[in-house]
Every structure is written in structure tokens, then in C-alpha cells.
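Undergrad: Quick one: the structure is below, questions incoming.
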Amino acid sequence: MINACEHSGVQLGIGFKLRFEGVFKRTKELLDRGMIGDPFFAYFSRPQAFPGRWYGEVRCIRDSAVHEIDLAYWFLQEEPVSVFAKLQRLLDIRLDDRVCLLTEHEGKKFSVVQGSWSVGFPKIAGIHDALFHIIGDRGFIVGKRPHTLLICNSEEPEHVPIEPGKPFQLELGALVDTVTRGIKPPVKREDGLRALRVVFAAYESITDGEPVLISSLTQRSL
């Protein structure tokens with residue numbers, strides 16, 4: 001797809017909506033300002049109620065965890081090197097009910113992404129379902145979708161205000177700017193390919209039961 005778009009002179013952007021949500025945008029701003037020093041560990045959790053058969057067959061890693069995989073790179077700013085993943089299928093042998101990915105990044109950094117679908121879980125998807133914790137060498141940040149953010153870089157943690165926004169509108173606005181003004185997409189094709197490589201490495205790790213090097217993936221496997 002990337003090669004076809006490049007050959008045709010077509011811009012290719014990726015729909016990672018979380019980058020446009022206020023709590024994640026504000027976290028990125030704090031990290032870029034060095035408010036907790038150099039971030040070296042990122043943890044993400046997204047527990048949800050089982051969304052139904054259609055989403056289930058797309059699978060948890062590809063449907064939801066892929067967004068946190070992208071955030072891990074966006075926050076840590078280091079390329080993923082290897083992935084170790086575990087999976088439990090409790091609802092159906094074809095579904096990913098509970099997944100956990102440990103990714104090692106360049107620069108001696110790590111990220112953990114956890115996702116789960118449970119029958120009977122509160123229906124908080126898209127509202128209160130994403131939690132995260134970023135640790136740096138001078139403090140940490142804790143957040144929860146949609147508007148909860150706490151930073152600790154002194155003796156007393158502080159709540160960080162989040163401006164309300166419309167992430168879908170911002171995302172679509174970026175798309176319009178790309179089409180009408182020729183501006184490069186804020187979420188680039190390389191961001192999508194990077195996340196896809198982690199997803200495929202995760203499934204390979206689940207099958208083999210051991211960490212998988214990103215560099216070992218072949219073009220054919222993608």
C-alpha cells in the first residue's frame with residue numbers, strides 16, 4: 001500500500017484517533033517539554049465489555065491494542081525492537097479475550113500494552129476505558145480517558161487540566177488539510193507500518209511462546 005501510494009503520488013495517513021484526544025495530546029506536550037525527564041517505561045490498559053462477534057473476529061490486538069502500540073512509540077520516541085506477547089481465549093477459540101504485550105524499544109526503553117474483553121464488564125468503551133502510566137527519570141504521568149491527568153515531578157503530584165475537544169473533528173480536519181492544502185498527514189504511513197509490525201510480531205510470539213525480533217519479520221509476513 002505504501003509503495004502504491006508513493007508510486008502514484010498519493011498521500012497516505014493513518015487513523016490513530018487517540019493522538020487527537022485531549023488527554024493524550026496533553027501528555028505528549030508534557031513529554032516534549034521534558035516535564036518528567038526522559039521517559040523510559042510506558043504502560044497502557046484498555047479493559048472493555050465484549051463488543052460483539054464482528055469486533056471479536058477482528059481481534060483485540062488489531063482492533064484496540066494497536067492504538068496503544070502507536071502511543072507507546074509516540075510517547076517514548078524510540079523504535080520497537082522485540083515483542084513478547086501472551087494471549088487467553090476464554091470466550092471463543094477465534095477471539096482474543098485477554099492480551100498482554102511487552103515491547104522492548106531502542107534506548108533501553110519498554111512498553112506494556114494490556115487489552116481485554118469481558119462479558120458483563122461495564123460499558124465504558126470509548127469513554128473511560130483507557131488508562132496509562134508513563135515513567136521518566138525525573139517523574140511520572142498517570143492518565144485516564146477522557147480528562148484525567150496527573151503529573152508527579154516534585155514532592156506533590158499535580159492534576160493537569162485537559163481542554164475539552166472533538167477528536168474526530170480534529171482528525172477529519174487533518175485529513176481535509178492533507179487533501180486540500182497538500183499538508184503531510186500528522187500520523188504518517190510509517191507510523192501505521194511500525195504498529196503493524198508490532199502486531200504481527202505479537203501474534204508470532206503468541207504462537208512460538210518466546211520474544212520475536214521486529215527485524216526478523218519478512219515483507220511477506222506483513
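The values are calculated or read from the model by the stated rules, or taken from the named source; none is laboratory data. Every value quoted in this text rests on a predicted model; they were computed, and no experiment measured them. Cβ sites come from the backbone with ideal geometry, for glycine too, and all protein chains shown count toward neighbours.
Undergrad: Picking from Phe75, Phe50, Phe40, Phe20, which residue would you name as being at pLDDT 95 or above and touching a Leu at 6+ places or on another chain (Cβ under 7 Å)?
TA: Numbers: Phe50 fails: at pLDDT 95 or above; Phe40 fails: touching a Leu at 6+ places or on another chain (Cβ under 7 Å); Phe20 fails: at pLDDT 95 or above.
So the residue among Phe75, Phe50, Phe40, Phe20 that is at pLDDT 95 or above and touching a Leu at 6+ places or on another chain (Cβ under 7 Å) is Phe75.
Undergrad: Could you tell me whether Leu91 is in a loop (DSSP other than H, G, I, E, B) and out of contact with any Cys (no Cβ under 9 Å at 6 or more places or on another chain)?
TA: Taking the combined requirement at face value, the residue satisfies it.
Undergrad: May I ask you to list pairs of residues, at least six apart or on different chains, whose Cβ atoms are under 7 Å apart, with the first in region 149-172 being of a type in the set (S, T, N, Q) and the second being part of a loop (DSSP other than H, G, I, E, B) and surrounded by 10 or more Cβ atoms within 10 Å (Cβ to Cβ)?
TA: These pairs meet every condition: Asn153/Met35; Asn153/Ile36; Asn153/Arg138.
Undergrad: When only residues in region 187-214 that are buried (at least 18 other Cβ atoms within 10 Å of the Cβ) and not in a helix (DSSP H, G or I) count, which is modelled with the highest pLDDT?
TA: Val212
Undergrad: So Glu104 passes all but one of these: (1) acidic (Asp, Glu); (2) part of a helix (DSSP H, G or I); (3) at pLDDT 95 or above. Which condition number does it fail?
TA: Here Glu104 clears every test but (2).
Undergrad: If you check Ser116, Ser82, which single one turns out to be under 20 Å from Gln48 (Cα atoms), among the polar types (S, T, N, Q) and not in a loop (DSSP other than H, G, I, E, B)? Quick ask: steps written out before the conclusion?
TA: Details: Ser82 fails: under 20 Å from Gln48 (Cα atoms).
Checking each option against the conditions leaves just Ser116.
Undergrad: Restricting attention to region 167-186, and to residues there that are assigned to a loop (DSSP other than H, G, I, E, B) and not aliphatic (A, V, I, L, M), which single residue is modelled with the lowest pLDDT?
TA: Step by step, filter region 167-186, then rank; the result is Gly182.
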